[in-house]
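One structure is given below, encoded as structure tokens.
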Amino acid sequence: MRSESYWLDTAPAFTGAQTGALPARVDVVVVGGGFTGLSAARALALKGASVAVLEAGRVVGEASGRNGGHCNTGVAQDYSGLVASLGADKARVYYQAYESAVQSVVTLVEQEQIACDFRRSGKLKLAAKPQHYEGLARTCELIRREVDAEVELLSAEEARAEVDSAQFYGGLLQRNGVQMHVGRFGVGLAEAAARHGALIYQQTTVQGWKAEAGGYRVDTSRGSLQTGQILMATGASQHGGLGWYRRRIVPVGSFIIATEVLPKELIDRLLPQQRSYVTSRMIGNYFRVTPDNRLLFGGRARFAMSGGNSDAKSGKVLHAAMVQMFPQLAHVKVDYCWGGLVDMTADRLPRAGQHGGVYHSMGYSGHGVQMSVHMGQVMAEVMDGKAEANPWGELSWPAIPGHFGKPWFLPVVGAYYRLQDYLH
């Protein structure tokens, strides 16, 4: 079993990285070579800006290349809860932002002709308890009435025809969703950004920055450069001087296993529609089929940071959950087990805007595949003077009380979520 991301292990090498010295000056420095930073760099380069992307590791080496590969409409919160807390008008705007994000991915794949096993699939949220089905029914009615007439409520029998497991009581189907090989997509996006003129530096950690006349001096592990603008696209990164952002982002470990290649007839029996799936529990699971017929199965198996032993322990938890859901897979071998960090905000809504003159976009809270690509393009517009393009610009972003970067409270949060799953 390989302790690395299936997506990264099976992606092509990135050929467009810069190997020489940093330039003396660029118009924009983008900190972070994930989907947000690469999407922004491409969009800014197409506008004629000189751009340097500074990535502490390899492009798409963190959250962008370590996720579940789901790309769907759907806010991180329950939609009815969002309406209750923010009002119908704002909830509708946010839902539509996620719809637009899926289309941003589709358009980019088509424009750049990225070979990433792209397919339209949709997302099915599965009710793990009868009362969860009742909640999904209310949510479905509200979404259909307010914002998306294409959603559909599936009965237990209809859900069983989609997912051959006895665990579920129905589901909510959202049709606006796609799947792709996120490793191939990420490398293709990086190649496109480089092709359009962005300079992409790997193994380059940003250590700090300082305002100067006409912009900023950015200090890195391979020297300094001047720039007019900075975009922080770092998510839950643990590298460099990001203290202000770390106090507002909770890095939550999410863990994934991928089975050996499964016979097509078994896949067709278990998951005939091959959608993206997520369960309704607070500590639930998400799963899908990979392009080469593996079952990828993930979730918040343990409330802990990702790392060697933590990933391995979480893999055992996930394997047990997978076999409980699909007893047909009891003797199937697991080929990959890995983890990554989700950049959670307190209210699970993204944050994008400025702090101290420096731009940022992050906090996608588990919905980053589509929102990161979309927000990279949005931030290119914002940095070009179109602040109204940012749907999240009005949100305040206070520090999380007692949080200084290391999430000491994760075990407590995990215990609370487990209790809620038991009670509800």
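Every number in this text was worked out from the coordinates using simple rules, so none of it is lab data. Nothing here was measured: the structure is a model prediction, and the numbers come from that model. Cβ sites come from the backbone with ideal geometry, for glycine too, and all protein chains shown count toward neighbours.
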Segment 1-76: translational diffusion in µm²/s, Stokes-Einstein, Kirkwood Rh over Cα pairs, 20 °C, 1.002 mPa s: 150 µm²/s
Alpha carbon Rg of the chain, scaled by the compact-globule rule 2.2 N^0.38 Å: 0.95
GNM result for the chain, Cα springs below 10 Å: residue of A352, A233, A17 fluctuating most strongly: A17
Protection proxy ranking of 131-141, 38-48 - average other beta-carbon atoms within 10 Å, highest first: 38-48, 131-141
Ascending count of other beta-carbon atoms within 10 Å, so fewest first, for I283, I256: I283, I256
Dipole moment magnitude, nearest 20 debye, the chain about Cα centre, only Lys, Arg, Asp, Glu C-beta charged: 840 debye
Nearest 10 degrees, 0 to 90: helix 35-46 Cα axis against the chain principal axis: 50 degrees
Proxy reagent accessibility, fewest Cβ within 10 Å first, across I400, I249: I400, I249
Separation between Cα centres of segment 74-146 and segment 305-372, rounded to whole Å: 18 Å
Residues T259, T279, sorted so that the one with the fewest Cβ neighbours within 10 Å comes first: T259, T279
Nearby lysines by direct alpha-carbon distance to K125 (threshold 27 angstrom, same-chain neighbours under 8 apart not counted): K90, K264, K313, K316, K333
Nearest-ten-degree value, helix 308-325 long axis tilted from longest Cα axis of the chain: 30 degrees
